[in-house]
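Input: a single structure, listed below in structure tokens.
The values are calculated or read from the model by the stated rules, or taken from the named source; none is laboratory data. Just so it is clear, the model here is predicted, and its values are computed rather than measured. Don't worry about glycine lacking a Cβ; one is built from the backbone with ideal geometry, like all the others, and counts go over all protein chains shown.
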Amino acid sequence: MPASATERNSTGFQQPPAPITLEGYGVRLTPMQPEHAEALESAAADGELWKLNVTSAPAPGQAAQYIALALEGLKAGHMLPFVVEETDSEDIIGTTRYHDIIPSVARLEIGYTWYARRWQRTHVNTACKLLLLQHAFQTLGAGVVGWRTDILNLASQNAIERLGARKDGVIRHHALRRDGTVRDTVMYSLLADEWSGVQKQLLQRLAADT
């Protein structure tokens, strides 16, 4: 449900965004909880995703800490983490979140996204992004949604661009990778007044994929 006027700042943005379950298009985004650790480790094991420098998937034995850090971000008001469930099987197949939430300018980013290998290059990413974007623009009142990704992660860049986001530029020497090397970060954004057209494209794509 949309927030009441007393829960919104001067930009019209709901602050802080409250945990909520988002469901549709074959997926369910459920607020991340400590008890999801085992299922997330199992999902990350499909493809040994922790071996990839360009993903945030936890290594074996680290899912509990991964969740704890995400929930610290939730408590601080700048993150809203979800686990991703496939609705037919109810299996947890990955995770995603809102992060870098800045209510004063009605901005948030979508990231920390990864899926078990068998669900990559399927309808799942489009479905998750559609749910997150619908909630961000139509319920939270976001003025802009952003993404960031490693300049070496061409698959992620292609996926973000397929969503209809605009490339804003590259921040050089921006963040550490798992292996200690320093990455350049590619930044993207989608404005609220661009959302209607993008939503139509995503719905058409899902109709073709499912």
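Against the definition (under 23 Å from LEU133 (Cβ atoms) and either out of contact with any Leu (no Cβ under 7 Å at 6 or more places or on another chain) or aromatic (Phe, Trp, Tyr) (or both)), how does PRO17 come out, yes or no? It is false that PRO17 is under 23 Å from LEU133 (Cβ atoms) and either out of contact with any Leu (no Cβ under 7 Å at 6 or more places or on another chain) or aromatic (Phe, Trp, Tyr) (or both). From the list ILE101, ILE160, the lone residue that is in a helix (DSSP H, G or I), over 11 Å from VAL27 (Cβ atoms) and touching a residue at least 12 places away in the same chain (Cβ under 8 Å) is ILE160. Only one of ARG166, ARG183, ARG162, ARG172 is within 23 Å of PRO58 (Cα to Cα) and not acidic (Asp, Glu); which? Just one listed residue meets the conditions, ARG183. The residue pairs whose first member lies in region 4-18 and is at positive phi, whose second member is of a type in the set (A, V, I, L, M) and modelled with pLDDT of 80 or more, and whose beta carbons are closer than 8 Å, counting only pairs six or more residues apart or on different chains, are GLY12/ALA106. Of everything listed in (1) under 20 Å from ALA136 (Cα atoms); (2) touching a helix residue (DSSP H, G or I) at 6+ places or on another chain (Cβ under 8 Å); (3) surrounded by fewer than 16 Cβ atoms within 10 Å (Cβ to Cβ), the single unmet condition for ASP100 is (2). Residues in region 176-210 that are assigned to a strand (DSSP E or B) and surrounded by 12 or more Cβ atoms within 10 Å (Cβ to Cβ): ARG183, ASP184, THR185, VAL186, MET187, TYR188, SER189, LEU190, LEU191.
For (1) small (Gly, Ala, Ser); (2) assigned to a loop (DSSP other than H, G, I, E, B); (3) touching a His at 6+ places or on another chain (Cβ under 9 Å), each residue gets a yes or a no:
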| position | (1), (2), (3) |
| --- | --- |
| THR30 | no, no, yes |
| LEU40 | no, no, no |
| ALA44 | yes, no, no |
| TRP50 | no, no, no |
| PRO60 | no, yes, no |
| GLN65 | no, no, no |
| LEU69 | no, no, no |
| VAL83 | no, no, yes |
| ARG97 | no, no, no |
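For (1) modelled with pLDDT under 95; (2) in contact with a helix residue (DSSP H, G or I) (Cβ under 8 Å, 6 or more places away or on another chain); (3) surrounded by 22 or more Cβ atoms within 10 Å (Cβ to Cβ), each residue gets a yes or a no:
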position	(1), (2), (3)
ASN9	yes, yes, no
THR21	no, no, no
VAL27	no, yes, yes
GLU35	no, no, no
LEU40	no, yes, yes
PRO60	no, yes, no
ALA64	no, yes, no
GLU85	no, no, no
LEU108	no, yes, yes
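Selection over region 114-139 of residues that are touching a Lys or Arg at 6+ places or on another chain (Cβ under 8 Å) and closer than 26 Å to LEU69 by Cβ gives a count of 0.
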